[in-house]
Amino acid sequence: MFFDLERKDHVKYLGAIIDQHLSWKHHISYIALKISRNIGIILRLRHFVALKTLLSIYNSLISPSISYGVIAWGQASKSYFEKILILQKRAVHLMYFLPFRMHAIPYFANILPIIMLYFKLSSVLMLDITINSAPHYLQSFYFCTRHTSV
């Protein structure tokens, strides 16, 4: 009895979408879709709730989608990062009622742009590994060699 296996060009594993070429194109497109849907929620609620509530919605719905696994996919090409950054800017414009031609960077006080979030989370991970407070499976990268002292 033989089974025909269907060949897929990408697979979802632990919430990350990995394709056959190990690029992050599908994963970032999936994240962008999730963020766009959540920006729609902000768009509908912004006239009825305070800015603090909108920031809370952003931090509970959009920020986790961006930060989950960003250390792994954070080295993707700049064009993928731009897609997420444009969505972040759109959310900021909507929350602060800014004209769409106005710069959003001054209003990123409570929200980290994706590149800064990547640098922050990478730095925290490296610090945790350095001071041995990272999870055990991440600390196994240090191997004793003849040139290290135990």
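The values are calculated or read from the model by the stated rules, or taken from the named source; none is laboratory data. Since the model is a prediction, treat every value here as computed from it, not as a measurement. Quick reminder, even Gly has a Cβ in these numbers, built from the backbone with ideal geometry, and neighbours come from all protein chains shown.
Miscellaneous remarks
- Sole residue being modelled with pLDDT of 95 or more and not basic (Lys, Arg), chosen from 47, 26, 21, 10: 47
- Total residues in the range 1-45, condition touching a Leu at 6+ places or on another chain (Cβ under 8 Å), of a type outside the set (Ser, Thr, Tyr) and closer than 23 Å to residue 115 by Cβ: 5
- Residues (outside any strand (DSSP E or B) and buried (at least 16 other Cβ atoms within 10 Å of the Cβ)) located in the range 1-24: 24
- Subset of the range 67-103 (residues that are in a loop (DSSP other than H, G, I, E, B), modelled with pLDDT under 90 and either within 19 Å of the chain's Cα centre (by Cα) or polar (S, T, N, Q) (or both)): 69, 74, 75, 76, 77
- Among the conditions (1) farther than 22 Å from residue 47 by Cα; (2) surrounded by 11 or more Cβ atoms within 10 Å (Cβ to Cβ), the only one that residue 107 does not satisfy is (1).
- Number of positions in the range 40-84 that are under 24 Å from residue 12 (Cβ atoms) and either aliphatic (A, V, I, L, M) or in contact with a Pro (Cβ under 8 Å, 6 or more places away or on another chain) (or both): 9
- In the set 105, 111, 115, 129, only one residue is among the hydrophobic types (A, V, I, L, M, F, W, C) and within 13 Å of residue 35 (Cβ to Cβ); that residue is 111.
- Residue 83 vs. criteria of a type in the set (Lys, Arg), more than 14 Å from residue 114 (Cβ to Cβ), surrounded by 14 or more Cβ atoms within 10 Å (Cβ to Cβ) and in contact (Cβ under 8 Å) with a residue 12 or more places away in the chain: no
- Candidate set from the range 9-61 (those that are under 19 Å from the mean Cα position of the chain (by Cα) and among the aromatic types (Phe, Trp, Tyr)); member that is farthest from residue 91 (Cα to Cα): 13
- Residues in the range 58-80 that are touching a Gly at 6+ places or on another chain (Cβ under 8 Å) and under 26 Å from residue 96 (Cβ atoms): 68 alone.
- If the condition is being free of Cβ contacts under 8 Å to residues at least 24 places away in the same chain, of a type in the set (A, V, I, L, M, F, W, C) and part of a helix (DSSP H, G or I), then the range 34-55 contributes 41, 45.
- Selected residue [touching a helix residue (DSSP H, G or I) at 6+ places or on another chain (Cβ under 7 Å) and within 25 Å of residue 125 (Cβ to Cβ)] from 78, 34: 34
- When the test is whether a residue is loosely packed, with under 15 Cβ neighbours inside 10 Å, part of a loop (DSSP other than H, G, I, E, B) and of a type outside the set (Ser, Thr, Tyr), residue 64 does not pass it.
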